[in-house]
Amino acid sequence: MSRQKILSVVGARPNFMKVAPLHRALDEREGVDSRIVHTGQHYDEEMSDVFFRQLGLPEPDVYLGVGSGTHAEQTARVMTAFEEVVFDEEPDVIVVVGDVNSTVACSLVAAKCHVPVAHVEAGLRSGDRDMPEEVNRVVTDQLSDYLFVTEPSGVDNLRAEGAHDEQVHFVGNVMIDSLVQFRKKAQQRPIIEDLGLGGADYALMTMHRPSNVDHKEPLTEVVQMTRQLADRLEVVFPAHPRTQNRLDEFGLREQIEAPGVHLLDPLGYLDFLRLMEEAAVVVTDSGGIQEETTFLQVPCLTIRENTERPVTITKGTNELLSLDPEAVVKRAEDRLGQARAANGRPDKWDGHAAERIAEVLLGEG
Ligand code: UD1
């Protein structure tokens, strides 16, 4: 049998922990040439490089360096650069993960070049097309030949949109594969001590959705929420560059830097994982963190109107709240006093999702 060449695409921070276990599972198999293409959507040390090092990813085989821009600019730059890669590399399969602009851009190129597309984390739907990620998900799934799903809702959504049963594979969650692999290593990081938090209850916060941070009014509410939470417990807030830029632009940085608030630059994978595992409560608008806290059974308050990951609510520790500082602080207090949920973990979130994907892609089993 000839060697199968599989190109996996990474672009933005939440992609790296998904591709790392998959690349490992593919690379250790005979007859597979597994290559990584980094689009450069995220490019900073803290948004990209530290993840490669900590997750043991090799240097990307191809780096496209597209950088930031409007949605159309960024997507178009990825497409133009990635098309050349597909012409040069002639892959047998292209793997895309998640829902970022690089995901949709590369799946579109692959489909036009008649290369089979595998989408990892297919089928998630918030039903909210105002979210750029929702548009990316719907389009990517329509173009994909292999649909690898993390939770049962994904299978239902794909069926309802007309996907064929043979395309849909419920394999579990590759991001949890990374968490399982690196949890012990993360527990050895001294980040909690370095922040002077030893023994204190703290909330871990992240906030970067355009709807929460791109306009002055919601971002002012985020600042209020942070300050009010900090009246009750320490708040650790590693802020995404988008959020930091907006805090400066709207003149809100001084207001958020109140006593008890640790406003930090983005953290690497291992420091963030330790902070998440030991947090009293997590307050976020991220997609992936809803899943990681579910696995770790840490209370999670998600500041969004909807979630594309309903299993984190039905089975996990997550709940949705609107951006209302009083309500969030009240709910955080309630959750602090509660015993951690012991209702198990979502099916197939067991550290072996990448293996299952490799088996399907290579026709094993
Ligand atoms: C992207 C994803 C989002 C994901 C998030 C995780 C899309 C549509 N959105 O949003 O789903 O949750 O990544 O981080 O793909 N910037 C830097 N350094 C970097 C990267 C970005 O400073 O390495 C700044 C730039 O000012 C840029 C801004 O962050 O304009 C936003 O970056 P962008 O890639 O456009 O979207 P994210 O908000 O990061």
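The values are calculated or read from the model by the stated rules, or taken from the named source; none is laboratory data. On a predicted model such as this, the values are computed, not experimentally measured, just so you know. Please note: Cβ atoms are built from the backbone with ideal geometry, for glycine as well, and neighbour counts cover all protein chains shown. Side chains included, ligands, DNA and RNA excluded: accessible areas come from the protein's heavy atoms. Shrake-Rupley method; radii C 1.70, N 1.55, O 1.52, S 1.80 Å.
Below, the figures for the structure above:
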{"item": "Residues listed by number, region 236-275, amide nitrogen under 16 Å from residue 193 label point at 7 Å toward C-beta", "result": "271, 274-275"}
{"item": "Sites residue 130 and residue 258, calculated FRET efficiency, Cβ-Cβ separation with R0 35 Å, nearest 0.05", "result": "0.65"}
{"item": "Nearest-0.05 FRET efficiency for residue 92 and residue 248, computed from C-beta distance (R0 35 Å)", "result": "0.15"}
{"item": "Cα shape, region 167-314, gyration tensor, a/c 1.5 rule", "result": "oblate"}
{"item": "The chain, relative contact order in percent, only Cα pairs under 8 angstrom and at least six apart counted", "result": "16"}
{"item": "Links that overshoot a 28 Å alpha carbon limit, given the list 18/185; 5/185; 185/216; 185/348", "result": "5/185; 185/216"}
{"item": "Local net charge near residue 114, Cβ-Cβ under 12 Å (Lys/Arg +1, Asp/Glu -1)", "result": "-2"}
{"item": "Gaussian network model of the chain, springs between alpha carbon atoms under 10 Å - residue of 70, 150, 140 with greatest fluctuation", "result": "70"}
{"item": "Cα shape, region 72-167, gyration tensor, a/c 1.5 rule", "result": "oblate"}
{"item": "Mean ellipticity per residue at 222 nm, deg cm²/dmol - from DSSP H runs of n ≥ 4 across the chain, formula -39500 (n - 2.57)", "result": "-13500 deg cm²/dmol"}
{"item": "Contour excess over end-to-end distance, with Cα ends at residue 183 and residue 164 and 0.36 nm allotted per residue", "result": "3.2 nm"}
{"item": "Region 1-66: GluC sites (Glu not before Pro) in DSSP loop, at most 12 other beta carbons within 10 Å", "result": "28, 30"}
{"item": "Qualifying trypsin sites (Lys or Arg not before Pro) for region 118-171 [loop in DSSP, other Cβ within 10 Å: at most 12]", "result": "129"}
{"item": "Top of 23, 164, 208 by mean-square fluctuation, Gaussian network on the chain, Cα under 10 Å", "result": "164"}
{"item": "Proximal charge balance of residue 42 [Cβ under 10 Å; K/R count +1, D/E count -1]", "result": "-2"}
{"item": "For region 119-144 and region 202-259, distance of Cα centres in Å", "result": "28"}
{"item": "Acute angle (nearest 10 degrees) that the helix 13-27 long axis makes with the longest principal axis of the chain, alpha-carbon atoms", "result": "40"}
{"item": "Estimated FRET transfer efficiency (residue 319, residue 142; beta-carbon r; R0 25 Å; 0.05)", "result": "0.20"}
{"item": "Spacing of the two label points (7 Å from each Cα toward its C-beta) at residue 73 and residue 3, in nm", "result": "3.9"}
{"item": "Probe 1.4 Å, all protein chains present, accessible-area order of 34, 68, largest first", "result": "68, 34"}
{"item": "Residues of the chain: accessible area per residue with a 1.4 Å probe, Å²", "result": "41"}
{"item": "Region 183-336: relative contact order in percent, alpha carbon pairs under 8 Å with at least 6 residues between", "result": "25"}
{"item": "Of 114, 42, 262, the one that fluctuates the most in a GNM where the chain has Cα springs shorter than 10 Å", "result": "114"}
{"item": "Of all accessible heavy-atom area on region 183-336, the percent that carbon and sulfur account for (1.4 Å)", "result": "44"}
{"item": "Gyration tensor (alpha-carbon) shape descriptor, the chain, a/c threshold 1.5", "result": "prolate"}
{"item": "Pair residue 28, residue 217: separation of 7 Å Cα→Cβ label points (nm)", "result": "5.3"}
